[in-house]
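> Got a structure here, written out as structure tokens. Questions coming.
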Amino acid sequence: QVQLVESGGGLVQAGGSLRLTCAASGRAFSTYAMGWFRQAPGKERELVAHISWSSGNTYYADAVKGRFTISRDNAENTLYLQMHSLKIEDTGVYCCAADGTPYSDSPHEYDYWGKGTQVTVSS
């Protein structure tokens with residue numbers, strides 16, 4: 001079992017940066033690929049970044065490519081999402097989740113979820 005707790009969200013002006021952290025408990029963290037999802041008001045949850053268990057493979061949604069970086073520290077049971085050049089459309093609740101497959105963009109394939117952290121980008 002894996003418990004996930006996100007932090008690092010907040011209010012930031014467009015063009016600014018934030019780093020989200022997902023702290024995991026449970027020895028299984030290092031065996032899971034991990035994803036960061038976001039959900040904006042009135043929109044479906046979408047995968048924005050994904051990383052394999054070994055950090056050897058990463059995926060980014062087109063909307064965040066070149067601006068966001070996903071990373072993990074298995075020794076510290078921690079997942080990160082560094083976000084730069086934030087845009088108003090990046091606003092949403094960001095959740096980390098443990099992928100039950102090597103890679104999936106479907107929330108239904110994820111085994112464990114954090115409660116999320118709010119990111120609000122203002123003009």
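> Can you say whether SER106 is of a type in the set (Ser, Thr, Tyr) and under 17 Å from VAL121 (Cα atoms), as far as the supplied structure shows?
On the way: of a type in the set (Ser, Thr, Tyr): yes; under 17 Å from VAL121 (Cα atoms): no.
No: the conditions fail for SER106.
> Does any residue of region 95-105 turn out to be more than 20 Å from VAL12 (Cα to Cα), among the aliphatic types (A, V, I, L, M) and open to solvent by 50 Å² or more (accessible area, probe 1.4 Å)?
No.
> If I ask for residues that are without any contact (Cβ under 8 Å) to a residue 60 or more places away in the chain and open to solvent by 70 Å² or more (accessible area, probe 1.4 Å), which ones from region 45-61 would you list?
Scanning region 45-61 gives GLU46, TRP53, ASN57, THR58, TYR59.
> Being in contact with a Lys or Arg (Cβ under 8 Å, 6 or more places away or on another chain), buried (at least 16 other Cβ atoms within 10 Å of the Cβ) and on the phi > 0 side of the Ramachandran plot is the filter here, so list the residues in region 62-94 that pass it.
Within region 62-94, GLY92 is the sole residue that qualifies.
> Give me the residue from region 112-123 that is under 16 Å from GLU6 (Cα atoms) and assigned to a strand (DSSP E or B) and, out of that set, least open to solvent (accessible area, probe 1.4 Å). Show your work before the answer.
Filtering region 112-123 down to residues under 16 Å from GLU6 (Cα atoms) leaves 112-120.
Those still in the list that are assigned to a strand (DSSP E or B) too: 112-113, 117-120.
Values: TYR112: 59, TRP113: 78, THR117: 18, GLN118: 87, VAL119: 0, THR120: 48 Å².
Checked region 112-123; the qualifying residue least open to solvent (accessible area, probe 1.4 Å) is VAL119.
> Also, quick follow-up: Among the numbered criteria (1) open to solvent by 30 Å² or more (accessible area, probe 1.4 Å); (2) under 21 Å from GLN118 (Cβ atoms); (3) assigned to a strand (DSSP E or B), which single criterion is violated by GLY42?
(3)
> Okay, next question. Please enumerate the residues belonging to region 1-15 that are exposed (fewer than 15 other Cβ atoms within 10 Å of the Cβ) and not in a strand (DSSP E or B). Quick ask: steps written out before the conclusion?
Quick first cut of region 1-15, residues exposed (fewer than 15 other Cβ atoms within 10 Å of the Cβ) only: 1, 3, 5, 7, 10-11, 13-15.
Scanning region 1-15 gives GLN1, ALA14, GLY15.
> Here are some residues: VAL2, VAL64, VAL48. Which one is of a type in the set (A, V, I, L, M) and under 14 Å from THR117 (Cβ atoms)? I'd like the intermediate steps shown before the answer.
Numbers: VAL2 fails: under 14 Å from THR117 (Cβ atoms); VAL64 fails: under 14 Å from THR117 (Cβ atoms).
Only one candidate passes the filter, namely VAL48.
> Separate question: Would you confirm, using the coordinates I've provided, whether TYR59 is aromatic (Phe, Trp, Tyr), under 10 Å from the mean Cα position of the chain (by Cα) and either under 19 Å from LYS115 (Cα atoms) or not in a helix (DSSP H, G or I) (or both)? Lay out the reasoning, then the answer.
Working: aromatic (Phe, Trp, Tyr): yes; under 10 Å from the mean Cα position of the chain (by Cα): no; either under 19 Å from LYS115 (Cα atoms) or not in a helix (DSSP H, G or I) (or both): yes.
In short, no.
The values are calculated or read from the model by the stated rules, or taken from the named source; none is laboratory data. Just so we're clear, the structure is a prediction, and the values are computed from it rather than from any experiment. Please note: Cβ atoms are built from the backbone with ideal geometry, for glycine as well, and neighbour counts cover all protein chains shown. Side chains included, ligands, DNA and RNA excluded: accessible areas come from the protein's heavy atoms. Shrake-Rupley method; radii C 1.70, N 1.55, O 1.52, S 1.80 Å.
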